[in-house]
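First the structure, in the form of structure tokens, and then the observations on it.
All of the numbers you see were taken from the coordinates with simple rules; none came from a lab. Note that the coordinates shown come from a computational prediction; the quantities given were computed from them, not determined experimentally. Positions of Cβ are backbone-derived with ideal geometry, glycine not excepted, and every protein chain shown enters the neighbour counts.
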Amino acid sequence: MKKAAFILNFFKSWREVGSITPSSSFLTKRILAEIDFKKSSTIVELGPGSGPFTKEIIKRMSPNSKLIMFETNTDFYKELIKVRDPRVVIHNESALQMQNYLSGERVDYIVSGIPLSNLEVSHQKGLLRSIYSALLPKGRYLQFQYSLGAYKMIEGIFNDVSLRFVPLNIPPAFVYSCSKGPIAIKIN
Ligand SMILES: C[S@@+](CC[C@H](N)C(=O)[O-])C[C@H]1O[C@@H](n2cnc3c(N)ncnc32)[C@H](O)[C@@H]1O
């Protein structure tokens, strides 16, 4: 997808798309550095957009692994389904429906570009809870955001949250890398 088409989608639906341009290669590298491709067998990507992370994940995934994506925007979905790879499944569905599609399967990594702050608070909590439940005990949740607005909520659910700042992105971004840890969900 051309950058202009991404920008157009932002103007059509800014709340859903959340950024004016796809993530930079610097942000992509930062996110992917958190993934151990040798060990991971299932990766879920939420809000892949025009696919900057997707392309790199597919390049690095092992032959027996799987990538399952959820993307609400139909223009992005139509581009993403052009990927012909038997390891990849894409749903034109909200990440909020993830649990229905995974039907109990637990996964190694959940990578998300969803603009959390643009969701209603109840949806933010619902999504974070589904992410927590969908992860294997040693699984990791990787999320980028342009602000620290969601920090408290993420930290209320995941025990171990580390934060990195990536200045070379438009806009500059924070990367959350979260693991489940031994203690259960703390927020109501
Ligand atoms: C900030 S863009 C990130 C796109 C891409 N991952 C990147 O880094 O360039 C957010 C993406 O999340 C998608 N999105 C927003 N809400 C969603 C939801 N509830 N479920 C699935 N995708 C969603 C948008 O359509 C958009 O593609």
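Taking θ as phi - 60° and the Karplus parameters 6.51, -1.76 and 1.60, the scalar couplings of segment 36-44 work out to 8, 5, 6, 9, 6, 10, 10, 10, 10 Hz in sequence order, x denoting glycine and proline. Each Lys and Arg Cβ is given +1 and each Asp and Glu Cβ -1; about its Cα centre, the chain then shows a dipole of about 360 debye. About its Cα centre, the dipole of segment 25-86 is roughly 260 debye, where the only charges are +1 on Lys and Arg Cβ and -1 on Asp and Glu Cβ.
Grab the DSSP H runs of the chain that are 4 residues or longer, score each as -39,500 (n - 2.57), total them, divide by all residues and round the 222 nm result to the nearest 500 deg cm²/dmol.
Details: 8 runs with 64 residues, N = 188.
Here the helix-only value at 222 nm equals -9000 deg cm²/dmol.
Applying Stokes-Einstein at 4 °C and 1.567 mPa s to the Kirkwood radius of segment 98-146, computed over alpha-carbon pairs, gives a translational diffusion coefficient of 114 µm² s⁻¹. Close amide-amide hydrogen proximity is noted between VAL166 and ALA173, PHE174, VAL175, each under 5 Å apart and 5 or more residues distant or on a separate chain (H modeled in the peptide plane; Pro and chain starts excluded). Between TYR146 and VAL83, the simple spin-label model (points 7 angstrom out along Cα→Cβ) gives 2.4 nm. Note on GLU120 and ILE20: the model spin-label points, each 7 Å out from Cα along the C-beta direction, lie 3.0 nm apart.
Could you work out the mean projected area of the convex hull around the alpha carbons of segment 97-188, in square nanometres to one decimal? Write down the numbers at each step before the final one.
On the way: hull surface 23.6 nm².
Over all viewing directions, segment 97-188 projects a mean Cα-hull area of 5.9 nm².
What distance in nm separates the simple spin-label points at GLN99 and SER41, each placed 7 Å from Cα in the Cβ direction? Each label point is offset 7 Å from its Cα along the Cβ direction, giving 2.4 nm. Neighbour counts of C-beta atoms inside 10 Å place LYS2, LYS180, LYS29, LYS66 in the sequence LYS2, LYS29, LYS66, LYS180, starting with the fewest.
Were the residues from LEU136 through ILE58 laid out at 0.36 nm apart, the gain over their Cα-Cα distance would be 26.0 nm. For segment 23-179, the average shadow cast by the Cα convex hull is 8.4 nm², which is a quarter of the hull's surface.
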